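Enquirer: My structure is below; once you've seen it, I'll send some questions.
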Amino acid sequence: MLALLACNPKIGDGLRKNDLKKDVELVTTKGSMVIRLSDSTPLHRNNFLKLVSQKFYDSILFHRVIKAFMVQAGDPSSKMASDTQRLGGGGPSYTIPAEITPTLFHKKGMVAAARTGDDVNPKRASSGSQFYIVQGKVFTEAGLDSVETFRLQGRKLPPAHRQVYKELGGAPHLDQNYTIFGEVIRGLPVIDSIANVTTTGRQAGDRPVEPVRILKMRLIKRR
């Protein structure tokens, strides 16, 4: 046992070094996905691994769903929420410093941290628990040009990113504004199943009419 502990030391918050190389299985009422976390965002990676290990996300709802955009979860108050309760304000009592990385962009399947707006959060710190998974949509060249002009204030998307947005799709207007910290590597169709549900609409928080729940998350060995 001592030898095992020496080879697999704790790194804080109950995590061990080999946990950093594990994937996360996300089991929902619409199916299962596997998420691979990015080593480029260690603060977000470690926080997510910690919360998964603590079973923080088990029974939490996808409380905000917008077709052709994203699905959002991570509000602990959703576990026991009434059907009419407005969700999206819950989480732990901390935020995470932004780790916005140019090589990570909002293609379909990317996992990113939710946050409050720039007006109250100019450093773009992330929620301690809330995250979203990108569904997005497929773009044309003209559509991407429009995003660059009107949403990115003229900042150009790299050619490789543009190609992915034209083939796989995503949400390019979010690039470099939110911390992306992982990617769905198996189970992409589950994102569509969640994103396509009927919701209450924007005025009522885009909450699914029929609850979509995270049954459990767990760390699994990488294939």
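Enquirer: Where residues in segment 116-143 are among the small types (Gly, Ala, Ser) and either touching a Phe, Trp or Tyr at 6+ places or on another chain (Cβ under 7 Å) or assigned to a loop (DSSP other than H, G, I, E, B) (or both), which of them is farthest from HIS44 (Cα to Cα)?
Expert: Applying the filter and picking the extreme gives GLY136.
Enquirer: Restricting the search to segment 178-205, which residues are on the phi > 0 side of the Ramachandran plot and surrounded by fewer than 19 Cβ atoms within 10 Å (Cβ to Cβ)?
Expert: Hits for segment 178-205 are GLY201, GLY205.
Enquirer: If you don't mind, there's one more thing I want to ask. Tally the residues that are part of a helix (DSSP H, G or I), out of contact with any strand residue (DSSP E or B) (no Cβ under 9 Å at 6 or more places or on another chain) and surrounded by 13 or more Cβ atoms within 10 Å (Cβ to Cβ), restricting the search to segment 144-172.
Expert: 7
Enquirer: Further, regarding this structure: Can you give me the number of residues within segment 41-88 that are within 16 Å of the chain's Cα centre (by Cα) and farther than 22 Å from LYS30 by Cβ?
Expert: Here the count works out to 9.
Enquirer: Cβ contacts < 7 Å: first residue hydroxyl-bearing (Ser, Thr, Tyr) and crowded, with 20+ Cβ neighbours inside 10 Å, restricted to segment 48-66; second residue assigned to a strand (DSSP E or B) and modelled with pLDDT of 95 or more, any location; separation 6+ or different chain. Result?
Expert: TYR57/ILE214; TYR57/MET217
Enquirer: From the list PRO208, PRO172, PRO159, exactly one residue is over 23 Å from LEU51 (Cβ atoms) and in contact (Cβ under 8 Å) with a residue 24 or more places away in the chain. Which is it?
Expert: Just a single option satisfies the conditions, and that option is PRO172.
Enquirer: Now for a separate question. I need a count of the residues in segment 202-218 that are of a type in the set (S, T, N, Q) and either under 16 Å from the mean Cα position of the chain (by Cα) or part of a strand (DSSP E or B) (or both).
Expert: Here the count works out to 0.
Enquirer: Check ASP192, ASP175 and return the single one that is under 16 Å from the mean Cα position of the chain (by Cα), within 12 Å of ILE133 (Cα to Cα) and not hydrophobic (A, V, I, L, M, F, W, C).
Expert: Step by step, each of ASP192, ASP175 is checked, and only ASP192 is under 16 Å from the mean Cα position of the chain (by Cα), within 12 Å of ILE133 (Cα to Cα) and not hydrophobic (A, V, I, L, M, F, W, C).
The values are calculated or read from the model by the stated rules, or taken from the named source; none is laboratory data. Quantities reported herein were computed from a predicted structural model and do not represent experimental measurements. A quick note on method: Cβ atoms are made from the backbone with ideal geometry, for glycine too, and the neighbour counts reach across all protein chains shown.
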